[in-house]
Amino acid sequence: MTRPYRFYAAEISYFSAKVRPALRYKGVHFLELLPDYRNVILPRTGLAFIPIVITPEDETWQDTSEILDALERRVPTPPLYPTTPVQRLAAYLIELYADEFMLLPAMHYRWSFPESVAKARADFASASEEPAGAVRFAERMQGTLPFLGVTPATVPAVEAHLADLLAGLSAHFAVHPYLLGDRMSLADCALMGPLYAHLYLDAVPGRLLRETAPAVCRWIERMNHPDPEAPGTWLADDALAPTLPPILSLIGGDAIPLILDGVRAFEAWADEQPAGTDELPRGVGGHPTTLRGVPVQRFISAYTPWMVQRPLAVHDGLDAGGRSAVDRAFAGTGCDALWAHVPRHRVGKRGFKLVLERS
Ligand SMILES: N[C@@H](CCC(=O)N[C@@H](CS)C(=O)NCC(=O)O)C(=O)O
């Protein structure tokens, strides 16, 4: 028997929830282990992030986008990445939205309500060999709310966004088991981060989901228990279900403007950096944006531009036919503002660290 993949993860970790369904769906032999920062994660990556994957050949994979890319290359069947233009771009767009924007409702519903906070702290402590350290970590996470843009002024917009998303997903999952049809994709995996690890498992939003969005709860359970041999395909002819454009409009209306404001602020910062700056800190200051007309002040993430490059690379790789199919499919959703954006700077990686790549 081959050695198993080793998946260092946690049940209530956002990004662990993105990778777990993929490992199960691909049918790979893996062990899920509690995070060992001191002996495994820090020495191998230099970062205190979960999840990481160690392959049977002892390679280390870090960053869920790169983990899923690498897994797809190693184990192409069953596939998670559509190869047709519209569905492929939709999958990368939803990944960007899930990873970057959905942090707002996910972090709000975990850290703004005493009942959620108490459960999350206890969950962190149970999964850690150092309960006191886990509580300090929980306090640090709670402290990030204002930097993400979650404040008393923005909470109504954040909650309204989630209510609209749950309504859109409920309508979609009433007809289709997964976002792109009858099989899961990168898009479903990414949405599991906020929807399973935070909103389904946390105390206050867990009730909200069970009371208002049972079809979303069933999708969560389906995602966590996939059958690699189940038949099923994405919709034929690169189609999107008629229930998907309302969700894309929610992404294009609320998330893309906020994400692009962050990217522009990063670029303005990068313009001013002296030659020789390359390794990037996590945050490079603050910037103003809006959510549903409400002013928001957020930290400028150096990671967001790296994530934005992924759907942009898919769009750049399309031929003329692919572009016109994409134009038709996303017309009126607001998502096209993303691929209209031409970055002035590239963010790359050296090892696991983000670097500013000078052209
Ligand atoms: N972009 C990374 C993000 C990983 C991440 O933020 N993981 C969280 C847990 S879900 C974490 O370890 N956070 C620690 C911290 O923010 O210091 C990925 O996709 O893997």
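The values are calculated or read from the model by the stated rules, or taken from the named source; none is laboratory data. The model shown is predicted, which means the values in this text are computed figures rather than measured ones. Positions of Cβ are backbone-derived with ideal geometry, glycine not excepted, and every protein chain shown enters the neighbour counts. For accessibility, only protein heavy atoms count, side chains too; no ligands or nucleic acids. Shrake-Rupley method; radii C 1.70, N 1.55, O 1.52, S 1.80 Å.
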| message | What translational diffusion coefficient, to the nearest whole µm²/s, does the range 285-359 have by Stokes-Einstein, given a Kirkwood radius computed over alpha-carbon pairs, a temperature of 25 °C and 0.890 mPa s viscosity? | response | 167
| remark: Taking only the alpha-carbon positions of the range 207-359 as identical scatterers, the Debye log10 I(q)/I(0) at q = 0.14, 0.17, 0.19 Å⁻¹ comes out as -0.94, -1.15, -1.22
| remark: Mean shadow area (nm²) of the C-alpha convex hull around the range 47-188 is 11.1
| said: If DNA, RNA and ligands are ignored and the probe is 1.4 Å, what is the ranking of Glu159, Glu267 by accessible area, most exposed first? | reply: Glu159, Glu267
| request: Take the alpha carbon gyration tensor of the chain, find the square roots of its eigenvalues, order them as a ≥ b ≥ c, and report rounded if a/c is under 1.5; if not, report prolate when a/b exceeds b/c, else oblate. | output: rounded
| said: Based only on Cα atoms, what mean projected area does the convex hull of the range 30-112 have, in nm²? | reply: 7.3
| note | The local net charge around Leu145, scoring Lys/Arg +1 and Asp/Glu -1 for residues other than Leu145 whose Cβ lies under 12 Å from its Cβ, equals +2
| message | Translational diffusion coefficient of the range 111-176 at 20 °C, 1.002 mPa s, Stokes-Einstein with Kirkwood Rh over Cα pairs, in µm²/s as a whole number. | response | 153
| In µm²/s, what is D for the range 169-209 at 10 °C and 1.306 mPa s, where D = kT/(6 pi eta Rh) by Stokes-Einstein and Rh is the Kirkwood radius from Cα pairs? | 145
| query | So what is the accessible area of the chain per residue, in Å², with the probe set to 1.4 Å? | reply | 42
| task | Could you check how many percent of all C-alpha pairs in the range 217-268 are farther apart than 18 Å? | result | 63
| Three-way shape label, the range 116-230, alpha-carbon gyration tensor, a/c 1.5 | oblate
| message | With just the Cα atoms defining each centre, how far is the range 249-305 from the range 176-200? Give it in Å. | response | 26
| note | Largest first and rounded to whole Å, the semi-axes √(5λ) derived from the alpha carbon gyration tensor of the range 182-291 read 35, 19, 16
| task | Determine the share of the chain's accessible area contributed by carbon and sulfur atoms, expressed in whole percent, with a 1.4 angstrom probe. | result | 57
